[in-house]
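The values are calculated or read from the model by the stated rules, or taken from the named source; none is laboratory data. Keep in mind that what you see is a predicted model, and the values were worked out from it rather than measured. Cβ placement follows ideal geometry from the backbone for every residue including glycine, while neighbour counts extend to all protein chains displayed. Accessible surface areas use protein heavy atoms only, side chains included; no ligands, DNA or RNA. Shrake-Rupley method; radii C 1.70, N 1.55, O 1.52, S 1.80 Å.
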Amino acid sequence: MLTKFATRHFSSTASTAYKVSVLGAAGGIGQPLSLLMKLNHKVTQLSLYDLRLGAGVATDISHIPTNSTVTGFGPEDNGLAKALDGADVVLIPAGVPRKPGMTRDDLFNTNASIVRDLAKAAADHSPNAAILVISNPVNSTVPIVAEVLKAKGVYNPKKLFGVTTLDVLRSSRFLSEVAKTNPVHEIVPVVGGHSGITIVPLISQTNHKNLPKETYDALVHRIQFGGDEVVQAKGGAGSATLSMAQAGARFAGAVLNGLAGEQDIVECSFVDSPLYKSEGVEFFSSKVTLGVDGVKQIHGLGNLTNAEEEMVNTAKETLIKNIEKGVNFVKQNP
Ligand SMILES: NC(=O)c1ccc[n+]([C@@H]2O[C@H](COP(=O)([O-])OP(=O)(O)OC[C@H]3O[C@@H](n4cnc5c(N)ncnc54)[C@H](O)[C@@H]3O)[C@@H](O)[C@H]2O)c1
């Protein structure tokens, strides 16, 4: 199921039993994401938390005969602490989605405090977990989690990820439609961040370097704003949920493969990155090799065209502001 940038080899010491917690498990993303995690054979305990319906979704999914126990929790009876206790991987799709006309940044006011509070609980009850943030705006919610973990003294930059995999999936799909190829074979690194102009697909690193300019521009725009197609098509009922669940499950699967000691597991993700720190960009998405401790290696961007270079520069300017917004939120609302 995983698309990788390199061949996979197996370590002889691999462990294969993991507890995965999904926070916001009864939502549009949470339900199909939980279902897909139930189908991942590395998961032995699946823990589903939501403000509502956590137990219902868990009971439903628990009837699927794979090798994991599924437990559902709500806020009552210390449910969040129990859901997180000892988790290896925590997926966070909790929060509100966009309505037509909204940008991801418009979600900040609601989702910032939700993510902050869930991060506090993760710091207390699963301090060693890899935390995978799906809640938007990812460019700001990831720094929020980092600040909370720092304040709690448990920040491990190797284990905090903003999930940008949906941009990678869309790039494969949309490029294949333009190039008339099988999307399964189209692998596009996507760097920068996860919103509009911060999403930078590196088409020059595919087999389709010489698309006509008009086609290229339209493709890049579609990748950057593909989420809007779903928001508009759903007419106010939310944003991408099913494709996002697939993206989240693919990324979580890759993190689990890394934790299990498999080699050459590479995905793009928004992480605490050295690439542009000297320019004030604390988090940046690029290809990351995943390993037993989380991030094993953060890859540089490779050769870029002038157009890509320009997009990266624009992305950096916006990212600095988005990241600062998250950091300031935690300072002002600890
Ligand atoms: N990273 C990405 O690529 C990407 C893509 C699509 C959507 N998203 C984001 O994912 C988030 C969820 O989207 P959705 O469509 O599933 O929304 P949704 O409204 O369908 O589901 C959200 C769920 O979160 C739950 N929730 C809210 N506050 C909570 C809390 N404090 N603790 C636990 N659960 C809580 C709600 O009860 C609900 O079940 C949104 O912020 C959306 O913008 C991210």
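Brief remarks on what is shown
- When residues of region 233-266 are limited to those that are more than 13 Å from the ligand (Cβ to nearest atom) and either at pLDDT below 95 or within 14 Å of the chain's Cα centre (by Cα) (or both), the one farthest from residue 95 (Cα to Cα): 266
- Scope region 224-259; condition among the β-branched types (Val, Ile, Thr) and touching a Leu at 6+ places or on another chain (Cβ under 8 Å); matching residues: 255
- Odd one out for residue 289 among (1) away from the ligand (no atom under 16 Å from the Cβ); (2) of a type outside the set (A, V, I, L, M, F, W, C); (3) within 22 Å of residue 139 (Cβ to Cβ); (4) surrounded by fewer than 22 Cβ atoms within 10 Å (Cβ to Cβ): (3)
- Within region 220-233, restricting attention to residues that are out of contact with any Pro (no Cβ under 7 Å at 6 or more places or on another chain) and surrounded by 21 or more Cβ atoms within 10 Å (Cβ to Cβ), the residue that is farthest from residue 193 (Cα to Cα) is 227.
- The residues of region 130-158 that are within 16 Å of the ligand (Cβ to nearest atom) and in a loop (DSSP other than H, G, I, E, B), listed by number, are 134, 135, 136, 137.
- Of everything listed in (1) free of Cβ contacts under 8 Å to residues at least 60 places away in the same chain; (2) touching a Phe, Trp or Tyr at 6+ places or on another chain (Cβ under 7 Å), the single unmet condition for residue 262 is (1).
- Any pair with Cβ under 8 angstrom, 6 or more apart, that starts in region 172-188 at a residue that is without any contact (Cβ under 8 Å) to a residue 60 or more places away in the chain and open to solvent by less than 50 Å² (accessible area, probe 1.4 Å) and ends at one that is in a helix (DSSP H, G or I) and of a type in the set (Ser, Thr, Tyr): 183/172; 183/176; 186/171; 186/172; 186/176; 188/171; 188/172
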